[in-house]
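Written below as structure tokens is the structure these notes are about.
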Amino acid sequence: MYNEITTFMKNIYTLSLLLLFPALLFCQNFPTTKSIPKTLTKFGTSYQDDYLWLENMKSEETKSWTNAQNLVTNEHFEEIKKKYDILSKIKDYHHYSSSGLPSKKEAYYYSEYIRDKDKPSNLFYRKNLNDEPIELFNPFKIYKSANAILMDYNPSKSSKYLSCKVSLDGSDRNEIRFVDIEKIRNLEDVISNVKFSKMVWNHDSGIFYMLNTNQNVFAKDSTYQLYYHKLGTNQDVDKLIFDATKTGNGFTYFTKKDRLFIVEKDRKTDTKNYYYALLNEENYKLEKIFDSDDSKFTLLNYNNNSIYFSNNEYDWGDIRTFNISNRADEKVLIPQIYNNLLVAPYFLEGYIFCKYKAIGKNFIIAYDENGNFIRRIDSPDNSDFDVKFFDSKTKCLYISVFSKTISSQNFKLNIETGDVNHFYNDYFPPKITLFPLDHFITKSIFYKSRDGKDVPITIVYKKGIILNGTNPTLLEAYGGFGVVSEQNFDASLLYFLEKGGVYAFAEIRGGGERGLKWHKDGMGLKKMNSFNDFIDAAEYLIKEKYTSPEKLAITGASNGGLVVGVAMTQRPELFKVAIPKVGVFDMINFDKYTVGRYHFNEYGNPEDTTDFTNILSYSPYHNIKENVNYPVTLIITSENDDRAVPMHSYKFAARLQNRTAQKNPIYLKTLDNSGHNGKVANYNDYFEEKANFYDFILYHLNQ
């Protein structure tokens, strides 16, 4: 089937003002940050922390300091634009790119479209794929803010109502609004202080949601309660369904048929408890399905009194099942496929569609509900795909295929016949690709880590460039929490590649790309494996003449920001440019704020002596040396990031800047009205930040 999809794709060829205060001075055009010497001792180990005052992130003093930093950074961006200004070009690339299919949720099809490039996108729906889209939800009309962005939406079971989750300032704390779909009318119901929450419907009556009770936005997270909101009522009468406040346990939840399911994870033992309640009983009395179960158990689905789950005992993922009334009656429905990662199972209309990932290859296997193999369909090499929806009448599965350099191409796959056809209509017309399909070369290969592991790396560059060690190169990674990387299309990356750039993404340990053990070997006391893999990727690119230390930039966001912070402080001579985004750098204190309490499994607990010693050994903020000139650095954070709070970036920037040995510039950019995802609320802000990012890289790598 790979050849059929490839054939089809080939047929479509081709600051604000600076606020001065006495403690703020300038040295070489950079603000000199007030330093208050402080020596701390923990478990017999002493360490220095001179910038504790920057942890007061909402103070006027800190805001004045970030304004001063932004002024310097923005002036540098303006200077760069005299030589590189790619904004208009990447907007052109985006304009001529094709788009993916809408998402089908319950009865209808949903898409987000941009009507005003200075305002957030709006949600549209269609009753049929060939219908003209109708505007359903416009966040700007409600909030009159260009920063109010639709984060998620979910229709009720009969598609009578729609719940919409909105972020007002980029933070993870959101509001929920409701729409009458048939009347296209916003309801008066408003649910505030929602965080990490799904909007799970009880048929058409109301939704279950998670309430956050934080008084301080950056305080330790307090999302412990599950509530039920009945449409047409005020939030203050919502019913408390489940409360983990006393235990501090995390939980998730979903509805299926006539039941609400809750999965509680014990934060101390890592075991799980499974509950259900009948939806037609208004008191929602919770019953245990079974007592504490092993943490290896992951619930996937419930249908016809059967529980579907993954055992997690097998590295690559399997699907098992048992009757809800007989836990001991367990059987393997779909066994693992060695060296092929089960990324996601989709339970659709009597079928189970399993998406698998291998090196340079993604594919679907269709099974019936009893686990019998029907057929396998491969995507083209070095591409990825999204499963959009399944039409039970025609037996066609609809997918959108894409890669780093090719925008979405839409297909329908007939599960019974195996036919593969490109899909388009009046609203999803065929478009030629921006470049010929062979214009860019993508390699998915392995390199050897220092301890002999085969680490996957994807390398992309323009066909015909000479690999002689002089190419500007961008190396990226994430490497945490078992996250599986995707090949998302990026219009702005095309410009970098067109200018002779090389892009590489390393699937380092700590991520989930090579199975469960791949994650375990890069977490906790083994976290250093993750950072070493990234450094080894840089050395591989240099050794193989893709680039050189004077032409190599590194980047990563969130946990990837930590990866960059460790790499640049441990091996600064390997890199010319470093751009960590919304990272965590003060690892001794990561648990003091917001979601840090959830991350002990990933990083260790700073209150444990063994974990503390390990964390301190790599914590970027604490491993800055006074006599080292670190690479040119652009540290990017967001003022409302309540996931990786901005104090990490503030303190990291301050300590890097305020040393006499630092000759390369250290820039700090704090994005306003933004959270962990950056400037994504509207089209113009999003692409301006993308342009600044690649302008900065090209400018400094080509110095």
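Take the stretch 222-232 and flag every residue that is surrounded by fewer than 21 Cβ atoms within 10 Å (Cβ to Cβ) and under 14 Å from TYR161 (Cβ atoms). Listed by number, the residues that qualify are LYS230, LEU231, GLY232. Regarding ASN186, is this residue open to solvent by 10 Å² or more (accessible area, probe 1.4 Å), under 26 Å from the mean Cα position of the chain (by Cα) and modelled with pLDDT of 95 or more? No, not satisfied. Scanning the stretch 89-135 for residues that are open to solvent by 30 Å² or more (accessible area, probe 1.4 Å), within 29 Å of LEU494 (Cα to Cα) and within 25 Å of the chain's Cα centre (by Cα) gives LYS91, HIS94, HIS95, SER99, SER103, GLU112, TYR113, ILE114, LYS117, ASP118, LYS119.
Here is a yes/no grid of residues against (1) over 29 Å from GLU639 (Cβ atoms); (2) buried (at least 21 other Cβ atoms within 10 Å of the Cβ); (3) under 23 Å from the mean Cα position of the chain (by Cα):
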position: PHE140; (1), (2), (3): no, no, no
position: CYS164; (1), (2), (3): no, yes, yes
position: SER171; (1), (2), (3): no, yes, yes
position: GLU175; (1), (2), (3): no, no, yes
position: PHE196; (1), (2), (3): no, no, yes
position: HIS203; (1), (2), (3): yes, no, no
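Of everything listed in (1) over 26 Å from GLY678 (Cβ atoms); (2) part of a helix (DSSP H, G or I); (3) among the hydroxyl-bearing types (Ser, Thr, Tyr), the single unmet condition for TYR546 is (2). Of the residues making up the stretch 205-221, those that are farther than 22 Å from LYS256 by Cα, open to solvent by less than 30 Å² (accessible area, probe 1.4 Å) and touching a Gly at 6+ places or on another chain (Cβ under 9 Å) number 1.
Is it fair to say THR569 is open to solvent by less than 10 Å² (accessible area, probe 1.4 Å), in contact with a Phe, Trp or Tyr (Cβ under 8 Å, 6 or more places away or on another chain) and among the polar types (S, T, N, Q)? For THR569, the condition - open to solvent by less than 10 Å² (accessible area, probe 1.4 Å), in contact with a Phe, Trp or Tyr (Cβ under 8 Å, 6 or more places away or on another chain) and among the polar types (S, T, N, Q) - is met.
The residues of the stretch 38-87 that are part of a loop (DSSP other than H, G, I, E, B) and within 17 Å of ASP695 (Cα to Cα), listed by number, are LYS81, LYS82, LYS83, TYR84, ASP85, ILE86.
Residue by residue, here is whether (1) more than 16 Å from the chain's Cα centre (by Cα); (2) assigned to a helix (DSSP H, G or I) holds:
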{"position": "GLN487", "(1), (2)": "no, no"}
{"position": "LEU494", "(1), (2)": "yes, yes"}
{"position": "ALA504", "(1), (2)": "yes, no"}
{"position": "GLY522", "(1), (2)": "yes, no"}
{"position": "PHE531", "(1), (2)": "yes, yes"}
{"position": "GLU539", "(1), (2)": "yes, yes"}
{"position": "THR569", "(1), (2)": "yes, yes"}
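Considering each residue of the stretch 291-302 in turn, none proves to be more than 29 Å from HIS519 (Cβ to Cβ) and either in contact with a His (Cβ under 6 Å, 6 or more places away or on another chain) or open to solvent by 20 Å² or more (accessible area, probe 1.4 Å) (or both). Just one of the listed residues (ILE466, ILE432, ILE441) is modelled with pLDDT of 95 or more and either closer than 20 Å to GLY512 by Cα or in a loop (DSSP other than H, G, I, E, B) (or both), namely ILE466. Considering every residue within the stretch 598-619, establish whether at least one is charged (D, E, K, R), within 20 Å of the chain's Cα centre (by Cα), at pLDDT 95 or above and surrounded by fewer than 23 Cβ atoms within 10 Å (Cβ to Cβ). Within the stretch 598-619 (the criterion being charged (D, E, K, R), within 20 Å of the chain's Cα centre (by Cα), at pLDDT 95 or above and surrounded by fewer than 23 Cβ atoms within 10 Å (Cβ to Cβ)), the answer is yes, since at least one residue qualifies. Residue count for the stretch 473-485 under the criterion of being part of a loop (DSSP other than H, G, I, E, B) and open to solvent by less than 10 Å² (accessible area, probe 1.4 Å): the result is 3.
Conditions (1) of a type in the set (Val, Ile, Thr); (2) modelled with pLDDT of 50 or more; (3) out of contact with any strand residue (DSSP E or B) (no Cβ under 9 Å at 6 or more places or on another chain); (4) surrounded by 13 or more Cβ atoms within 10 Å (Cβ to Cβ), marked per residue:
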| position | (1), (2), (3), (4) |
| --- | --- |
| LEU19 | no, no, yes, yes |
| THR32 | yes, yes, no, yes |
| THR39 | yes, yes, no, no |
| THR45 | yes, yes, yes, no |
| ASP49 | no, yes, no, yes |
| LEU54 | no, yes, yes, yes |
| SER59 | no, yes, yes, no |
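Determine whether the stretch 668-684 contains at least one residue that is assigned to a helix (DSSP H, G or I) and surrounded by fewer than 21 Cβ atoms within 10 Å (Cβ to Cβ). Yes, that holds for at least one residue. Has the stretch 450-461 got at least one residue that is open to solvent by 10 Å² or more (accessible area, probe 1.4 Å), in a loop (DSSP other than H, G, I, E, B) and of a type in the set (S, T, N, Q)? Scanning the stretch 450-461, I find no residue that is open to solvent by 10 Å² or more (accessible area, probe 1.4 Å), in a loop (DSSP other than H, G, I, E, B) and of a type in the set (S, T, N, Q), so the answer is no. Scoring PHE446 on the criteria (1) farther than 18 Å from LEU342 by Cα; (2) assigned to a loop (DSSP other than H, G, I, E, B); (3) open to solvent by 40 Å² or more (accessible area, probe 1.4 Å); (4) not hydroxyl-bearing (Ser, Thr, Tyr) leaves a single failure, condition (2).
The values are calculated or read from the model by the stated rules, or taken from the named source; none is laboratory data. No experiment lies behind these values; they were computed from the predicted model shown. As a convention, Cβ positions derive from the backbone with ideal geometry for all residues, glycine included, and neighbour counts pool all protein chains shown. Side chains included, ligands, DNA and RNA excluded: accessible areas come from the protein's heavy atoms. Shrake-Rupley method; radii C 1.70, N 1.55, O 1.52, S 1.80 Å.
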